[in-house]
1. Filtering the stretch 20-52 down to residues that are closer than 21 Å to Tyr109 by Cβ and of a type in the set (A, V, I, L, M, F, W, C), which residue is surrounded by the fewest Cβ atoms within 10 Å (Cβ to Cβ)?
2. With Val315, Val268 as the choices, which residue is closer than 20 Å to Arg193 by Cα and at pLDDT 95 or above?
3. Looking at Arg215, Arg264, Arg226 in this structure, which one is closer than 22 Å to Tyr75 by Cβ and of a type in the set (Lys, Arg)?
4. Could you please let me know if Val291 is in a loop (DSSP other than H, G, I, E, B), modelled with pLDDT of 95 or more, in contact with a strand residue (DSSP E or B) (Cβ under 6 Å, 6 or more places away or on another chain) and under 18 Å from Pro69 (Cβ atoms)?
5. Out of (1) hydroxyl-bearing (Ser, Thr, Tyr); (2) in contact (Cβ under 8 Å) with a residue 40 or more places away in the chain; (3) in the same structural domain as Ala280 (by TED's automatic domain parsing), the odd one out for Ser111 is which?
6. Restricting attention to the stretch 109-156, and to residues there that are of a type in the set (Phe, Trp, Tyr), in contact with a helix residue (DSSP H, G or I) (Cβ under 9 Å, 6 or more places away or on another chain) and part of a loop (DSSP other than H, G, I, E, B), which single residue is surrounded by the most Cβ atoms within 10 Å (Cβ to Cβ)?
7. Quick check: anything in the stretch 238-247 surrounded by fewer than 17 Cβ atoms within 10 Å (Cβ to Cβ), modelled with pLDDT of 95 or more and farther than 21 Å from Ala178 by Cα?
8. Limited to the stretch 1-49, what total is found for residues that are on the phi > 0 side of the Ramachandran plot and in contact with a Phe, Trp or Tyr (Cβ under 6 Å, 6 or more places away or on another chain)?
Amino acid sequence: MADCALRPCSDHAEWDSLLACSLQQNAFCYGDFLSTMPHSPSLWLLERKNVPVAGAIVFAEENRALPAPRPLTTYQGIFLLPPRTEVHFRVHWQLETASMLLGELSSRYESLSFSLHPSLGDIRAFQWFNYRSSPQSRFAIEVAYTGIVDLSQFKDIESYIQGVRTDRRRDVKKSIHAKIPIVASQDVEAFDRLHEATFARQDVMRPSDEREFIRSALPPLLRSGRCRMLMAMAAGGEPVAATVFLYDQTTAYYYFGACDPAWRGSGVSTFLVVESIKDAWRAGLRSIDMVGMNSPQRGDFKASFNAEPRCYFNVHWGPR
């Protein structure tokens, strides 16, 4: 359309300021997180009448999209900046703007792939893209799930803890009774060892991208405050378990957990998750994203913290 234009955005400050105004804002899309990724994405802004109204993150090689989600990420897709007006206008505006954005991007790339934020429930722009063409030229849509803990419904953090599953409360009491100290830490080497041991216990080789992320990307994210690590310590002072949560201005994201196999039955992993949620509460955050509930065992563990399943969509168009 004549009143829209797509332009690249190389300024992370501009990108971050616009993203922060969108319901799709999340920790995985801010410039400091994107800077840690092994593949640098292209950032695009759609303008209508010279005003930015939407953005998109595209990971691509030779104009072909790399499949989303990228390793150790989620929700890297598009964001919208809808006007604050009546619902009927906003719904139409969102559909029209997202369609414009996809049209502009598809003229620049042979394929597109996005992991969409859960707040983007209306995905008709993706469903109707190339609507009258063959199925092969339309978006393939995959449904995935995460778990959201809405802390705003609780008057205080203790009310939340009383509502988690009984065995989780039992784990917390066990750790408190054992007087296991929990400390904030930036000891990435210790976390790396715990993470490796977690995989070794399962007789599984740790993915190389997780190892490299912990060693290269985690330190700057900890220094910047984008994420926070809590560690449980044994009586002798050695770390025995740890959690890493990512932060943005509204939500804390359960990103990594690791535990010494010898301490697996101690309840300390549960204790660390609960203490991390307490940290988020004290920071003024009222939403916890458990980052994925897409396998039975993992989904049940995360649901036990009162995480409500929330669907989101991974979408792909074009040759793979």
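1. Across the stretch 20-52, the extreme among qualifying residues is Met37.
2. Val268
3. Arg226
4. yes
5. Just one mismatch for Ser111, condition (3).
6. Ranking the qualifying residues of the stretch 109-156, first place goes to Phe139.
7. Step one: filter the stretch 238-247 for residues surrounded by fewer than 17 Cβ atoms within 10 Å (Cβ to Cβ), giving 238.
From what's left, modelled with pLDDT of 95 or more: 238.
Restricting the remaining residues to those that are farther than 21 Å from Ala178 by Cα gives none.
No: zero hits.
8. Residues meeting the conditions: 0.
The values are calculated or read from the model by the stated rules, or taken from the named source; none is laboratory data. A quick note: this is a predicted structure, and the numbers were derived from the prediction, not measured. Here Cβ is always computed from backbone atoms with ideal geometry, including for glycine, and neighbour counts include all displayed protein chains.
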